[in-house]
1. What pairs come out if I take residues in region 236-251 that are among the acidic types (Asp, Glu) and pair them with residues that are surrounded by 13 or more Cβ atoms within 10 Å (Cβ to Cβ) whose C-beta lies under 9 Å away, six or more apart or interchain?
2. Which of (1) under 15 Å from the mean Cα position of the chain (by Cα); (2) in a loop (DSSP other than H, G, I, E, B); (3) more than 17 Å from Phe188 (Cα to Cα) does Gly49 not meet, given it meets every other one?
3. Within region 81-109, which residues are in contact (Cβ under 8 Å) with a residue 60 or more places away in the chain, surrounded by fewer than 20 Cβ atoms within 10 Å (Cβ to Cβ) and charged (D, E, K, R)?
4. I'd like to know if region 248-261 contains one or more residues that are farther than 22 Å from Arg66 by Cα and out of contact with any strand residue (DSSP E or B) (no Cβ under 7 Å at 6 or more places or on another chain).
5. What's the number of the only condition in (1) surrounded by fewer than 23 Cβ atoms within 10 Å (Cβ to Cβ); (2) in a strand (DSSP E or B) that Gln112 fails to meet?
6. Among the listed residues Ala166, Ala145, Ala121, identify the single one that is in contact with a helix residue (DSSP H, G or I) (Cβ under 7 Å, 6 or more places away or on another chain) and either exposed (fewer than 14 other Cβ atoms within 10 Å of the Cβ) or under 26 Å from Ala30 (Cβ atoms) (or both).
7. Looking at region 115-125, is at least one residue assigned to a loop (DSSP other than H, G, I, E, B), closer than 30 Å to Tyr230 by Cβ and in contact with a strand residue (DSSP E or B) (Cβ under 7 Å, 6 or more places away or on another chain)?
8. Would you mind finding the one in Leu54, Leu59 that is aliphatic (A, V, I, L, M) and in a loop (DSSP other than H, G, I, E, B)?
Amino acid sequence: MLLTLAQLEQYFQRIGYTGPRSATLETLCALHRLHPLAIPFENLDPWLGQPPTLDGAVLFDKLVLRQRGGYCLEQNGLFAQVLQTLGFTVRGLSARVFWNLDADAQPPRTHQALLVAVAGAEWLVDVGFGGLTLLGPLRLAPDCAQSTPLETLRLRQSGTGFMLDALLPSGAKPMYHFVLETALPADFIQSNWYVGAYPQSRFVRHLITACVRLEANHTLTRHNLFDRAYSIYRSGQAPEIHTLQNAAQLRQLLREVFALPIDALPSLAARVQTLFSEQ
């Protein structure tokens with residue numbers, strides 16, 4: 001669905017965007033950078049036994065009005081609405097995630113990304129890849145390194161589609177594979193059930209949150225949480241890895257670092273406590 005002008009302004013206020021409202025590459029890059037800085041990646045709903053809905057009005061209410069975050073299907077679902085309202089041509093893509101999997105893995109298509117046509121080219125757009133969420137669009141051009149505000153990435157042709165690689169000091173590491181066939185809303189509904197309700201889904205079994213923060217020295221920092229493991233990544237530095245010691249510490253982190261309104265989730269406290277009672 002398209003947003004109303006009032007909703008569009010509410011979204012811009014949410015992410016701190018004050019630039020032009022035109023469908024240009026400059027606008028796309030600015031929105032793509034600001035969205036992950038303001039709206040955290042999080043899976044609190046499925047972790048609490050409440051599979052998210054992908055209805056456009058519900059996504060807007062959750063991520064904009066209620067100041068929550070979401071996972072890829074929610075983040076890119078909202079972002080697609082914003083871009084389409086501005087006049088961009090947007091297609092949904094369905095991807096297989098290979099991050100941290102063995103080379104011979106055969107994962108299902110559970111990740112949503114977007115393909116946007118602008119400035120005479122097609123661009124991969126993705127504001128919802130967890131702890132490695134893109135901070136800028138990537139031109140759909142194979143085998144060339146593309147810099148983003150934090151990482152250098154590369155698209156390479158793989159089979160009938162493309163693999164997205166993160167170019168790390170240790171070498172290239174695959175993130176996800178996608179084909180250019182347009183994914184339908186029904187495809188994402190199916191993926192959403194698998195990710196948000198299937199008992200063996202990592203998003204049902206584990207607490208996963210991530211955000212990007214702008215520090216006082218104007219550098220960008222990634223903050224990732226997986227259950228009790230809290231990691232901080234700064235460009236060019238070894239990551240800081242912390243193991244949280246108690247539920248109060250974790251709730252404080254969710255509230256202060258990830259900027260999540262956890263007081264509105266009455267069942268969260270008991271669920272968080274299980275992470276420490278299982279030690």
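No lab work stands behind these numbers, since they all come straight from the coordinates. The model shown is predicted, which means the values in this text are computed figures rather than measured ones. Cβ atoms come from the backbone with ideal geometry, glycine included; neighbour counts cover every protein chain shown.
1. What qualifies is Glu240/Tyr230; Glu240/Ser231; Glu240/Ile232; Glu240/Tyr233; Glu240/Arg234.
2. (1)
3. Arg91, Arg96
4. Within region 248-261, the subset farther than 22 Å from Arg66 by Cα is 248-249.
With the extra rule that they be out of contact with any strand residue (DSSP E or B) (no Cβ under 7 Å at 6 or more places or on another chain), the set shrinks to 248-249.
For region 248-261, residues farther than 22 Å from Arg66 by Cα and out of contact with any strand residue (DSSP E or B) (no Cβ under 7 Å at 6 or more places or on another chain): present.
5. (1)
6. Details: Ala145 fails: in contact with a helix residue (DSSP H, G or I) (Cβ under 7 Å, 6 or more places away or on another chain); Ala121 fails: in contact with a helix residue (DSSP H, G or I) (Cβ under 7 Å, 6 or more places away or on another chain).
The unique qualifying residue is Ala166.
7. Taking region 115-125 and keeping what is assigned to a loop (DSSP other than H, G, I, E, B), we get 119-120.
Now restrict to residues that are closer than 30 Å to Tyr230 by Cβ: none.
No, every residue in region 115-125 fails to be assigned to a loop (DSSP other than H, G, I, E, B), closer than 30 Å to Tyr230 by Cβ and in contact with a strand residue (DSSP E or B) (Cβ under 7 Å, 6 or more places away or on another chain).
8. On the way: Leu59 fails: in a loop (DSSP other than H, G, I, E, B).
Only one candidate qualifies: Leu54.
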